[in-house]
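S.K.: Provided herewith is a single structure, encoded as structure tokens, for subsequent inquiry.
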Amino acid sequence: MNIFIAILILGLIIFIHELGHFLLAKINGITVTEFSLGMGPRLASFVKNGTRYSLKILPIGGSCMMLGEDEEVEDEGAFHKKGVWARFSVIFAGAFFNFLLAFALAVVVIGAVGVDYPDVVRVEEGSALYEAGIREGDRIKSIDGKRIHFGKEIDMYFFFNPVTAEPIDITYVRDGKSYKATVNPKLLPAFYKLGIQYSTETEEAKILGLEIGFPFYEAGIVPGDVITKINGTPIATGQDMADYFKANPPTAEEIEVTYRHNDTEKTVRIKPRLVDDQYDIGEFYNLYREKVSPLEAVKYSFYEVKFNINYTLSSILYLLAGKADLKQISGPVGIVSAVEDIVEQTESEGAGIVFLNLANFATLLSANLGVINLLPFPALDGGRLVFLLIEAIRRKPIPKEKEAMVHFIGLALLMILMVVVLYNDIQKLFN
């Protein structure tokens, strides 16, 4: 059932992407030879107005094949016969439609459950935030010039920009007025660190992220695994885990961690790592949602799409900087696993909550696909857009054979990456 749900989600996202190419091709008078969902041999197809509509056997991918897209054809409906900006709009439309889908899904989710406003919910006396004048009830507006709209955006900002000794400029709103504060992080005493990120909002103590080189990562635990026991103490929720470590801060002593990987329970012994250069400003922000008006739901849905685009770009840069590795990338198998986790964790709350959580996940996936496709890499839509921009600047196209060779090399590299990602996904299932 979960595989079927994952296929439906991926199918919808890919369909909308290809529909963007299809509609703009039709608007610009370009002949579409085939519009298909899936890859491989056809399961079913029909022809209407010169276009073959196909459903193919492998439930991944899709295509909108246009006349004269990769070869010279003497036909007024050929892709290469159209102006450079007409072709640009057709290629760009796929990603743009993914952003539109992400926006539509965000409206549904935010309209139903609301927004996690970036409000200050607690400030400890003596913390860097307290000394900077920030108090409970303030609403964070920006951090180091980065505009903030959600509590989770603060979470994301500090994940990709860890706190150091450098001052942090925070703009906040209090009683309708904006104020600026410079927060000077405090050096924490040496402490033992595990290198994990997890949510106290989820029913289970689910690992969301891992720091390379730290104990949990070295033990083979991966994002999505669920902690069930620590030193024999049952851990039922993320809050249980937070409470446990608050009462039992990590020391040099090994700790015994039992976790669930897919449907298999495993136990490992983990030795915390001593850290003596960690800076802190204090915990302070809200991650709980509150209901909003329909107008606010629409407004914040734009911000939600922006958040997901920024998250995807930041994750790519994080990977390229060597702060994460390919083992943490998931493909279709990982998506099925994520869908399974969402269904299992929320099915007790009813079908409506399951749907909203899946819609929220699909919002991220759709925005993610839009961003990935716009990367200026050969064989992707972004790579093709680069060639069109070059053509617009030099007022003549790059020779077809040269462009085809570049895209072929890019496609080969992408296929290698897909194999690596698939291998990682399969390893995660059996480890």
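S.K.: Kindly indicate whether Gly213 is assigned to a loop (DSSP other than H, G, I, E, B), more than 27 Å from Tyr288 (Cα to Cα) and either of a type in the set (Val, Ile, Thr) or under 29 Å from the mean Cα position of the chain (by Cα) (or both).
M.R.: In short, yes.
S.K.: From the list Ser366, Ser330, which residue is modelled with pLDDT under 90 and not aliphatic (A, V, I, L, M)?
M.R.: Going through Ser366, Ser330 in turn, just one is modelled with pLDDT under 90 and not aliphatic (A, V, I, L, M): Ser330.
S.K.: It is to be established whether one or more residues within segment 68-84 are of a type in the set (A, V, I, L, M, F, W, C), free of Cβ contacts under 8 Å to residues at least 60 places away in the same chain, closer than 22 Å to Lys400 by Cα and part of a strand (DSSP E or B).
M.R.: Scanning segment 68-84 turns up no residue that is of a type in the set (A, V, I, L, M, F, W, C), free of Cβ contacts under 8 Å to residues at least 60 places away in the same chain, closer than 22 Å to Lys400 by Cα and part of a strand (DSSP E or B).
S.K.: When the residues of segment 246-265 are filtered to those that are part of a loop (DSSP other than H, G, I, E, B) and charged (D, E, K, R), which remaining residue is farthest from Glu340 (Cα to Cα)?
M.R.: Glu253
S.K.: Oh, and also: Which is of a type in the set (Lys, Arg), closer than 30 Å to Ala128 by Cα, surrounded by fewer than 19 Cβ atoms within 10 Å (Cβ to Cβ) and out of contact with any Leu (no Cβ under 8 Å at 6 or more places or on another chain), of Lys246, Lys229, Lys266?
M.R.: Of the residues listed, the single one that is of a type in the set (Lys, Arg), closer than 30 Å to Ala128 by Cα, surrounded by fewer than 19 Cβ atoms within 10 Å (Cβ to Cβ) and out of contact with any Leu (no Cβ under 8 Å at 6 or more places or on another chain) is Lys246.
Residue-wise test of (1) under 29 Å from Tyr303 (Cα atoms); (2) surrounded by fewer than 21 Cβ atoms within 10 Å (Cβ to Cβ); (3) not acidic (Asp, Glu).
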{"position": "Gly38", "(1), (2), (3)": "no, yes, yes"}
{"position": "Lys48", "(1), (2), (3)": "no, yes, yes"}
{"position": "Leu55", "(1), (2), (3)": "no, yes, yes"}
{"position": "Asp70", "(1), (2), (3)": "no, yes, no"}
{"position": "Glu74", "(1), (2), (3)": "no, yes, no"}
{"position": "Phe79", "(1), (2), (3)": "no, no, yes"}
{"position": "Lys82", "(1), (2), (3)": "no, yes, yes"}
{"position": "Ser89", "(1), (2), (3)": "yes, yes, yes"}
{"position": "Ala93", "(1), (2), (3)": "yes, no, yes"}
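S.K.: Just to be sure, is Pro378 buried (at least 20 other Cβ atoms within 10 Å of the Cβ) and on the phi < 0 side of the Ramachandran plot?
M.R.: yes
Listed here are the residues, each with its yes/no results for (1) farther than 30 Å from Phe191 by Cα; (2) outside any loop (DSSP other than H, G, I, E, B); (3) over 19 Å from the mean Cα position of the chain (by Cα).
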residue: Tyr244; (1), (2), (3): no, yes, yes
residue: Val305; (1), (2), (3): yes, yes, no
residue: Ala338; (1), (2), (3): yes, yes, no
residue: Asp341; (1), (2), (3): yes, yes, no
residue: Glu344; (1), (2), (3): yes, yes, yes
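S.K.: Scanning segment 97-124 for residues that are among the β-branched types (Val, Ile, Thr) and assigned to a loop (DSSP other than H, G, I, E, B), which turns out surrounded by the fewest Cβ atoms within 10 Å (Cβ to Cβ)?
M.R.: By that ranking, first place goes to Val121.
S.K.: Residue under question is Ile255, and the condition is that it be at pLDDT 90 or above and within 30 Å of Ala165 (Cα to Cα); does it hold?
M.R.: no
The values are calculated or read from the model by the stated rules, or taken from the named source; none is laboratory data. A quick note: this is a predicted structure, and the numbers were derived from the prediction, not measured. Cβ: placed from backbone, ideal geometry, glycine included. Neighbour counts: every protein chain shown.
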